[in-house]
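Below is one structure, written out as structure tokens; comments come after it.
Nothing in this text is a laboratory measurement; each read-out follows from the coordinates by a stated rule. For clarity, every value in this text was computed on a predicted model and none was experimentally measured. In this analysis, Cβ positions are derived from the backbone assuming ideal geometry, glycine residues included, and neighbour counts consider all displayed protein chains.
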Amino acid sequence: MAYGYYPGCSLHSTAKEYSMSLKAVCRKLNIELNEVEDWNCCGATPAHTTKEELGVALAYSNLVNASKQGLDNVLAPCAACYNRLKNASYAASHSPLLEKRMNELTGGKVEHDIKVFNILEFFRDIYGQDNLKTAIQKPLSGFNVACYYGCLLVRPSKVVNFDDPEDPQSMDELVNLLGAHAVEWSCKTECCGGSHAIPETDIVLELGRRIFSSAQSQGAQMIAVACPLCQANLDMRQEQINKKYKTDFKMPVVYITQLLGLALGIPSAELGLNSHFVSTQELAKI
Amino acid sequence: MQLKLDNNVSQFADEIEALSGLNLYDCYQCGKCSAGCPVSQFTQESPTRLIRLIQLNQKETVLNSKTPYLCASCSTCSERCPMEIDVAKVMETVRILASREGVKPAVKEVVNFSGAFLDSVKSNGRLFEFGMTISFNLRNRTPLKDAMLGPVMLQKGKLGLFPQSIKNKEKIKNIFNNSSYFEPKEEKKEH
Ligand code: SF4
Ligand code: SF4
């Protein structure tokens with residue numbers, strides 16, 4: 001099986017373990033990923049909050065490239081990229097005027113319908129839960145996981161049209177399928193302040209504190225994510241949160257693809273489990 | 001705060017509608033957007049209040065508010081609004097309008113961050129995180145901010161030391177140079 005693939009900037013740098021684990025999982029499952037040729041940055045939050053058209057055009061430009069390549073679908077593992085690509089495709093398909101502007105700005109056209117998938121959608125709807133089930137070699141039994149979706153995967157629901165915006169289930173189902181236990185908790189879709197990680201660190205520390213205390217109070221041993229911004233924010237800043245609020249969180253923040261990889265029997269080193277700030281030792285022992 | 005009400009039609013709400021297509025007269029101040037907003041506790045004007053100020057034609061106060069800059073674009077407000085107002089888009093619209101009108105940003109760090117980010121994308125087509133962080137810190141005159149994270153990230157191989165560049169830089173240049181502040185709107189609704 002071959003699918004279009006849009007890595008986005010973070011999978012090429014700060015989220016290297018996301019990219020490593022995704023690739024290892026795909027190799028194991030015989031999924032071929034065709035990178036969108038000459039892709040560019042989707043613009044993330046800075047573009048659409050600076051100039052509305054810029055935010056759409058940067059994302060749209062990648063759909064133009066994907067269309068040229070004849071790709072019918074594109075997997076965007078980064079939740080922010082996923083959100084921006086979905087937004088561009090939604091905006092253009094709802095406004096002929098905007099579509100025309102996008103064609104002018106990007107000097108190209110999206111000739112056919114391209115479906116953009118996030119990672120949870122991809123494994124649930126494309127690869128299929130039944131197929132995954134049969135591939136599991138080492139069930140992750142005994143682990144309590146808080147599934148953290150954040151905002152960009154599920155909102156705005158009108159645009160992304162994926163799972164429930166208040167109480168999504170897709171990652172919980174996947175985690176349970178892998179043999180671990182997805183806990184019930186209240187911060188599944190609370191924002192971590194990702195876009196403010198650098199400029200407004202104080203806000204981010206408070207939002208992170210709330211997320212960790214909710215996960216901890218529900219007995220979670222780790223947080224699973226599907227977004228490089230959430231991962232970086234929660235993993236890198238955990239020590240600062242502990243220092244500021246005199247807390248003692250030691251909660252690994254792992255990518256869902258890392259959990260998937262472990263359950264498929266892939267060695268932890270191939271999944272980048274050694275590159276986290278908060279130790280993932282317990283998991284690596286599996 | 002003193003409110004100046006010249007007439008009962010808010011030019012500012014109409015202006016926002018012309019730019020974004022959002023009708024803010026629909027808001028009846030239920031407060032649901034603010035209740036779920038992760039940043040409203042850090043700001044003076046909650047989303048509900050900001051919209052009320054727009055209805056009351058308080059353009060200057062709104063364009064100088066910190067709220068649109070601290071907004072994390074999480075869309076919780078838009079998702080929950082019973083009147084289906086895209087409140088997150090109101091935040092974005094106010095911010096873009098302030099910039100277009102040359103209003104000094106109420107939270108300069110956020111604007112500096114966006115600037116550093118976009119400069120990096122404009123020159124290479126992709127974000128060069130390492131370079132962007134340094135450029136942000138210089139713009140902000142906080143050269144050592146988050147400096148302790150850098151070495152660990154380098155050691156863990158999480159920071160590329162060199163920018164990646166795309167082939168079709170002309171396209172990116174065209175997008176940056178010719179994008180307008182606001183998207184074209186199909187038609188204007190009458191109240
Ligand atoms: S949720 Fe909607 S109607 Fe309620 S205060 Fe906010 S914008 Fe107004
Ligand atoms: S999008 Fe902005 S205003 Fe709306 S809830 Fe999120 S942070 Fe608050």
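Taking 0.36 nm per residue of separation and subtracting the current Cα-Cα distance, fully stretching the chain between residue A:134 and residue A:164 would add 8.1 nm. Each principal axis of the Cα cloud of region B:47-106 was taken in turn, and the coordinate range along them, longest first, works out to 32, 24, 15 Å.
Against the 2.2 N^0.38 Å scaling, with N counting residues, where does the protein assembly as shown land? I'd like the Cα-based Rg ratio to two decimal places. It would help to have the intermediate numbers written out before the result.
Numbers: Rg = 21.8 Å, N = 477, 2.2 N^0.38 = 22.9 Å.
It is 0.95.
Applying Stokes-Einstein at 4 °C and 1.567 mPa s to the Kirkwood radius of chain A, computed over alpha-carbon pairs, gives a translational diffusion coefficient of 67 µm² s⁻¹. As a ratio to 2.2 N^0.38 Å, the alpha-carbon radius of gyration for region A:1-79 is 1.16.
Count the net charge of all other residues whose Cβ sits under 11 Å from the Cβ of residue A:91, scoring Lys and Arg as +1 and Asp and Glu as -1. Please list the in-between numbers first.
Numbers: positive: A:84, A:86, A:101; negative: A:52, A:53, A:99, B:183.
Here the charged neighbours net out to -1.
Please label the shape of region A:113-162 as rounded, prolate or oblate, based on the square roots a ≥ b ≥ c of the eigenvalues of the alpha-carbon gyration tensor (a/c under 1.5 means rounded; beyond that, a/b larger than b/c means prolate, else oblate). Don't jump to the answer; show the numbers that get you there.
Details: a/c = 4.17, a/b = 1.47, b/c = 2.85.
Oblate, since a/c reaches 1.5 and b/c is not below a/b.
Placing +1 on the Cβ of every Lys and Arg and -1 on the Cβ of every Asp and Glu, with nothing else charged, gives region A:106-240 a dipole about its Cα centre of roughly 220 debye.
The average projected area of region A:145-286, computed from the convex hull of its Cα atoms over all directions, is 8.2 nm². When chain A is treated as a Gaussian network with alpha carbon springs shorter than 10 Å, the biggest mean-square fluctuation among A:158, A:133, A:86 belongs to A:158.
Please state the Cα pair-distance histogram of region B:13-131 with 10 angstrom bins from zero: what percent is in each bin? Going out from 0 Å in 10 Å bins, region B:13-131 shows 14, 44, 30, 11, 2 percent. One quarter of the surface of the convex hull around the alpha-carbon atoms of region A:196-278 equals 5.5 nm², the direction-averaged projected area. Averaging Cα coordinates gives a centre for region B:75-123 and one for region A:77-136; these two points are 23 Å apart.
In this label model, residue A:184 and residue B:100 are separated by 4.8 nm, measuring between points 7 Å along each Cα→Cβ vector. The value obtained for region A:131-213, namely the Cα convex hull volume divided by the number of residues, is 116 Å³ per residue. Residue A:97 label point, 7 Å along Cα→Cβ, cut-off 14 Å on backbone N: hits in region A:46-80? Taking a point 7 Å out along Cα→Cβ of residue A:97, the residues of region A:46-80 whose backbone N falls under 14 Å are A:53.
Relative contact order, whole percent, for chain A stands at 20, derived from Cα pairs under 8 Å and 6 or more residues apart. Of the residues B:55, B:16, B:102, the one whose Cα sits farthest toward the positive end of the charge dipole of the protein assembly as shown, with +1 on the Cβ of Lys and Arg and -1 on the Cβ of Asp and Glu, is B:102.
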